[in-house]
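As structure tokens, the structure follows; a few thoughts come after it.
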Amino acid sequence: MNKTIYQNPLISRYSSNEMSYIFSEENKFKLWRKLWVTLAESQKEMGLNITDKQIDELKKYQNDINYDIAEAREREVRHDVMSHVYAYGKQCKQAAPIIHLGATSCYVTDNSELMMMYSALNLIQKRLIKVISNLKKFATDNKDLATLAFTHFQPAQPTTVGKRAALWLYDLFNDFENIQNLINDYKLRGLKGTTGTQASFMQLFDNDSQKVKELEKKVLNKLGFKKSFAVTGQTYSRKFDYSVLALLSQIAQSAYKFSNDIRLLQSRKELEEPFEKNQIGSSAMAYKRNPMRCERIGALSRYIISLPINCSITASSQWLERTLDDSANRRIVLAEAFLACDAVLKLYNNVTANLVVYPNIINKYLQQELPFMATETILMECVKAGGDRQLLHEEIRKLSMQAAQNIKDKGLENNLIQLIKGNAAFSAVHNTMDEIMSAKSFTGRAAAQVEELLEEYIIPILIKYKHLLDESQEDIKI
């Protein structure tokens, strides 16, 4: 690595080699040549004067890109597409006259970018289903483990660790459905010509509109797609880019929420992200186990969440059939959104596959607060036994204040239950206090909700997309 120039950390530190390749120059230019071969082959099949020898020549050099020729030519003509047409023609002497026939630059640029995003979306869904699988196991294993719930980050009615995981899981399920909908309805720009009118292709086929439509369909099918945008200018509507990045933003929002929750719980020592044997938590405080993976998830997710607005500005500021002020911007924002989302999901996978749970700490915190939460049940049971609700309420209020003062002012344990047991007004429940104080009785349908979510939503997609799950896990970078 050249240490004297800036290196994009999404490449050098965070994203996978697989995602990096999708947006690489090599993949882009190979896709351009694939598009040119597909166009020429389809035009030949539709009756244009293109020979088998020309097609064979194009295929021979399809993946043998002479970058030096293309780069030198671009320095002269300042046009990347025409530079690569020229370089391809230098290799394919016979086919040179028919390369890019009838096409405009956006035939290769827009279609290749859409194909790269399609590949990237498929990789994202593969990452996503792994995290869903991890959380499904975690939710199952912990569906009955009672824990304090929080509203406003203040102790509230208990839930279970599995039910909390179900909240993360359901967010990801919705993200997965959204990505499936986008992939299943995915479109290329197709063959639309210079301003989207297909005029050049109409000329090639003597104004036979049906043949032009058939040519586009043939090209799409050869590329593995069924649909193209119904109408375009020179480019497809840049609003589509916004839709894609909005989906990545939603995934980032889900991941950010998860990472924040883990950071809070790790501070309380209830849960912990993986911490390696030789990992250093702090340069000064050797004992620290900072949640660096979840912090990185949050940092990268925040970046992804900021990007859709960029695409919305680009889409809204396009002039008529097109302007070129989208190009330099999109080279950066589209790739980086996917690279960052890839990195986030790799981290999310790593954390959820290795989450550590500390049941004793969880129960300790729960028992500190449970007496206060049990007061309503105690009150109702005493009323059912013939007690005066108003008198009992006042008595339990005083005892609660006394217990709270012991905790806050004196640093003592919560002794509310002992105070209640020592008060004759609550004699009706003295013998059933252990049953009343069972944590499970305060978690409602939490465990059942986990089971229902898994059975109705999660297990079906894990079965349907089992082919996306594999045992290999690429190491996260630095």
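Among the residues of the stretch 307-332 satisfying the criterion of being surrounded by fewer than 16 Cβ atoms within 10 Å (Cβ to Cβ) and among the β-branched types (V, I, T), which is modelled with the lowest pLDDT? So, considering only residues that are surrounded by fewer than 16 Cβ atoms within 10 Å (Cβ to Cβ) and among the β-branched types (V, I, T), the one modelled with the lowest pLDDT is T323. Contact map, the stretch 370-397: first residue farther than 21 Å from F442 by Cβ, second residue at pLDDT 85 or above and among the polar types (S, T, N, Q), Cβ cut-off under 8 Å, separation 6 or more or different chains; pairs are E395/N423. Of the residues making up the stretch 1-32, those that are surrounded by 16 or more Cβ atoms within 10 Å (Cβ to Cβ) and either touching a His at 6+ places or on another chain (Cβ under 7 Å) or closer than 11 Å to L339 by Cα (or both) are L10, I11, Y14, S15, S16, M19, S20, I22, F23, F29, W32. The residue of the stretch 66-82 that is nearest to K30 (Cα to Cα), among those that are assigned to a loop (DSSP other than H, G, I, E, B) and at pLDDT below 95, is H79. Is it the case that some residue within the stretch 15-35 is farther than 29 Å from D185 by Cα and assigned to a helix (DSSP H, G or I)? No: the stretch 15-35 contains no residue that is farther than 29 Å from D185 by Cα and assigned to a helix (DSSP H, G or I).
Scanning the stretch 445-456 for residues that are free of Cβ contacts under 8 Å to residues at least 40 places away in the same chain and surrounded by 14 or more Cβ atoms within 10 Å (Cβ to Cβ) turns up nothing.
Screening K130, K222 for residues that are in a helix (DSSP H, G or I), among the charged types (D, E, K, R), within 21 Å of M46 (Cα to Cα) and within 30 Å of the chain's Cα centre (by Cα) leaves exactly one candidate, K222. For I55, the requirement of being outside any helix (DSSP H, G or I) and at pLDDT 95 or above is not met. Counting only helices (runs of 4 or more DSSP H) that fall entirely inside the stretch 376-478 and contain at least 1 residues that are among the hydroxyl-bearing types (S, T, Y), the qualifying elements are 389-410. Would you say L419 is closer than 30 Å to L128 by Cα and modelled with pLDDT of 85 or more? So L419 fails the test. Just name the residue that is surrounded by the fewest Cβ atoms within 10 Å (Cβ to Cβ) out of those in the stretch 203-242 that are acidic (D, E) and free of Cβ contacts under 8 Å to residues at least 24 places away in the same chain. Top of the filtered list is D206.
Residues that are β-branched (V, I, T), surrounded by 12 or more Cβ atoms within 10 Å (Cβ to Cβ) and free of Cβ contacts under 8 Å to residues at least 40 places away in the same chain do occur in the stretch 33-43, at least one of them.
The values are calculated or read from the model by the stated rules, or taken from the named source; none is laboratory data. None of the values given here were measured: they were computed from a predicted structure. Backbone-built Cβ (ideal geometry, glycine too); neighbour counts: all protein chains shown.
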